[in-house]
Structures are given as structure tokens and as C-alpha cells.
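Chemist: My questions will all concern the structure given below.
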Amino acid sequence: MFTQSLFGTQTLNSSLRALETRTCAHWSNIGAAEIQTQSEREVLENVLGRFTTSDSTIVAFGSLARGEFTAGSDLDWILLLDGISRPEHLQVAQAIRSEIDDLDRKQPGTEGVFGNLVASHDLVHYIGGEDDSNSNTTLRILLLLESIPIGRTDAYDRVLNNILWRYLDEDRGLWHGSGVFKVPRFLFNDVGRYWRTMTVDFAYKQRDRQNRGFAIRNLKLRMSRKLLFLAGMIACFECHTGFASPDERAEFYSTKRVHAVIKRLRSVLSQSPLEIIAAALLRCPELDAHSKDLFDAYDSFLAMLADDTRLPNGLTIRDHLDRLPVQELGTDEIATKGREISHRFRDAIRSIFLNPDNLLGKLTIEYGVF
């Protein structure tokens, strides 16, 4: 069986709090965002929960799903359908959008990936190949790594379980491979593909938008998007590391227990990305200095996004970075501060995940490099 000491029925962000205490750190901005996220989720449940059924779930993404919601955060959402398509579903989606507008929350336009109806068929059946569009890949991976259900969860649970079944049931190497490590390569490679897709799409969108919003989007790519990839990578590694002993792991994988691995992955992925990473690093006290650096940097990043103090130009830090001309990136003090935070975050990641002297590093080098 998988060990239950890392992920299970625990208080919110218990692993993160434990790591904060052990490293003598103080991640107040992460904590404040966590509290605001809980408050926002309660509001949305009360307002939107009535729109869901056994065949439909409202799913939120972004900072709300990561437990990092602040006053300036967008609210990205879809109405996920897993059943018979009905004409009235469009009216339901329109009513959801209207309710969110009444709450005065920022939400996506109707022409993009979010703010729309999404049926489960393509998410489950088109993994790879020409029919797996960027939008389909984005929604599928975000459902796994960065999503929370609002209202009834029946459809949400079925879709996630079916997606994971595809990744695991068809991964022959996981069940019959002769390698030392037990990591689901099919799933891991798709998480890695999504990270690379985000980086390539960043360049495409900046060209398309003539570099508008470069500073804030680049900072998010370096921080929250990279965090998401790390969490997905670690979730895959838990298929190997979440056992009490090598013998227990060998016995478990001697039979093809797909449902058991799905249950385990769902338990891990139900945590926020910060919590997933903290839980893994709790097992590595020798990395505490680097762990502290990683979360210190992320706490500073959230401090920038949450700061609603008006600058001399009348803008918040978030709005300033959103409007900053790209030619001023090298001289702007705030952009420079954000870049320095992202470098601290990058260096801490390198010290942990590209270090062959610890298990996380070994797994990263084995699966994330070649």
C-alpha cells in the first residue's frame, strides 16, 4: 500500500506549515492568499453551486485553484459536461457568466479556452495525435494539476478518473518495465509537453499581442506556470516514492492495479501545487536550505501580485507590469525586482531537482531530461 503520511486527511496546507516551521521561515503572503482563496471558494459555492447537476460541474482554474487568489486575480472557469448535451446548457453557462459579473470578478472572454461549455469526449479520447489541440491539451492537464470543482462534483470526478485511466492503463512500462523507477511516463511526458507548450505559446502570444502585457505574463511564466509543472512532475514521482519500502512497491506493481494508482494520484492532485511540493520536500531535510529559498521566492512573488498600494503613476504593481512597455523592462525597478525573484526561484529549483544526490533530483534527471 501507499504510505499515508504525506497526503491524506490533514488540515489545509499542513505540509507547507510543517516545512515553514522546520526551516524557520515566515511565508505570510502564501498564508494570506490561502485564506482569501477559501473565502472566495465559499462565495462561489453559495452563488454558483445551484447551476450544477450529476452531469455538469463548474470548474475553476488559475490562482483560485492553486490557493493563491488575491484581489486582482482573474476567475477562469468552464462548465464541464459529462453526459447528454442539451440545448439548455448554453443558457446555464450564460447564467453563470452573469452571476460572476454581478460579483464583480474578472473573467475570461467567451472566445477563448475558458468561460465556455466543455464536453468530456475530446479530453478523454484525444490524448496526443492531430486531434489533440492546444486548447484540449491545456484543459486536460489543467483539470489534473490546477482545478477545483464548484457545486456537484459527479461529472468532474468521472472525467478526471477517466483521463487518468487512459494515461495509466495504456502505460505498459509502468506495469511491466524492467527499470528501477516506477513513474507513469505517458502522464509525465504529457505534463512535460504542456510545460513546453506554455513556453512556446508565450512567444506566439507576445508576437500576436505586439508585446502588450509582456512583463506580467513573463513573470507568471517564470513563477506560477513553472510551479505547476513541478507539482505535476512530483505527482508522477509519487507513483514511485509513495511506498514504505522497495519490496512493497515491487509487490504492488506485480499486478495491474489501475484503480489503486488513480486513487493515489487523485489524493495527491487534490492538494494545491505548493502543498504537493512542500509534502515532497518534507521528506528531504538535507534540502531545507534550498526548500526555504524556493518558498521564500514564491512568497515574494505573491506579495507583488497582492500589493494594492498605488504607485506614483496611480497603478498597482500588477497593473504597472501589465502596462509596462517592453522597451522599459531593463530599466524599470519593479520589473527588475520581479526578475530577481524569479531567478531566486529558478536557482532553488536547480539546486533541488537537478541534484543527483537526492531522490527527487535522480528522478528528474531520469525522466525530465532524456
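Any read-out appearing in this document is the output of simple, stated calculations on the displayed coordinates, not a laboratory observation. Only a predicted model underlies this, so the values are computations on that prediction, with no experimental measurement involved. Backbone-built Cβ (ideal geometry, glycine too); neighbour counts: all protein chains shown.
Chemist: Principal axis extents for segment 254-370, Cα atoms only, whole Å, descending order, please.
Modeler: Its Cα atoms span 64, 30, 27 Å along the three principal axes.
Chemist: Further question: Could you work out the relative contact order of segment 297-357, using alpha carbon pairs under 8 angstrom and six or more residues apart, expressed as a whole percent?
Modeler: Value for segment 297-357: 35 percent.
Chemist: For Leu117, enumerate residues with amide H under 5 Å from its amide H, sequence gap 5+ or separate chain, H modeled in the peptide plane.
Modeler: Hits under the 5 Å cutoff: Leu79.
Chemist: Give the order of His176, His89, His125 when sorted by the count of other beta carbons within 10 angstrom, beginning with the fewest.
Modeler: Ascending Cβ contact count within 10 Å gives the list His176, His125, His89.
Chemist: Excluding the sites themselves, what is the longest stretch of the chain that contains no GluC sites (Glu not before Pro) in a DSSP loop with at most 13 other C-beta atoms within 10 Å?
Modeler: For GluC sites (Glu not before Pro) (loop position, at most 13 other Cβ atoms within 10 Å), the longest site-free span of the chain is 171-370.
Chemist: Pulled fully out, how much extra length does the chain show between Thr153 and Asp357, if you take 0.36 nm times their separation in residues and subtract their Cα-Cα distance?
Modeler: The span from Thr153 to Asp357 would gain 69.3 nm if fully extended.
Chemist: Determine the calculated [θ] at 222 nm for the chain from helices alone, applying -39500 (n - 2.57) to every DSSP H run no shorter than 4 residues and normalising by the residue count; nearest 500 deg cm²/dmol.
Modeler: My calculation for the chain gives -18500 deg cm²/dmol from helical runs alone.
Chemist: Now, a different point. Using the alpha-carbon centroid of each, what span in Å lies between segment 165-240 and segment 78-96?
Modeler: Their Cα centres are 29 Å away from one another.
Chemist: Kyte-Doolittle mean at least 0.5 and Cα extent at least 15 Å along the axis: which DSSP H helices of the chain qualify?
Modeler: 134-145, 226-241, 258-269
Chemist: Counting only C-alpha contacts under 8 Å and six or more residues apart, can you give the relative contact order of segment 14-369 as a whole percent?
Modeler: 20
Chemist: Then there is this: Mind checking segment 182-253 for trypsin sites (Lys or Arg not before Pro) that DSSP puts in a loop (not H, G, I, E or B) and that have at most 13 other Cβ atoms within 10 Å?
Modeler: Arg209
Chemist: For the chain, what D do you get in µm² per second when you plug the Kirkwood radius from alpha-carbon pairs into Stokes-Einstein at 37 °C and 0.692 mPa s?
Modeler: The estimated diffusion coefficient comes to 152 µm²/s.
Chemist: Still on this structure, please answer the following. Share of antiparallel DSSP beta bridges in the chain, in percent to the nearest 5?
Modeler: 70
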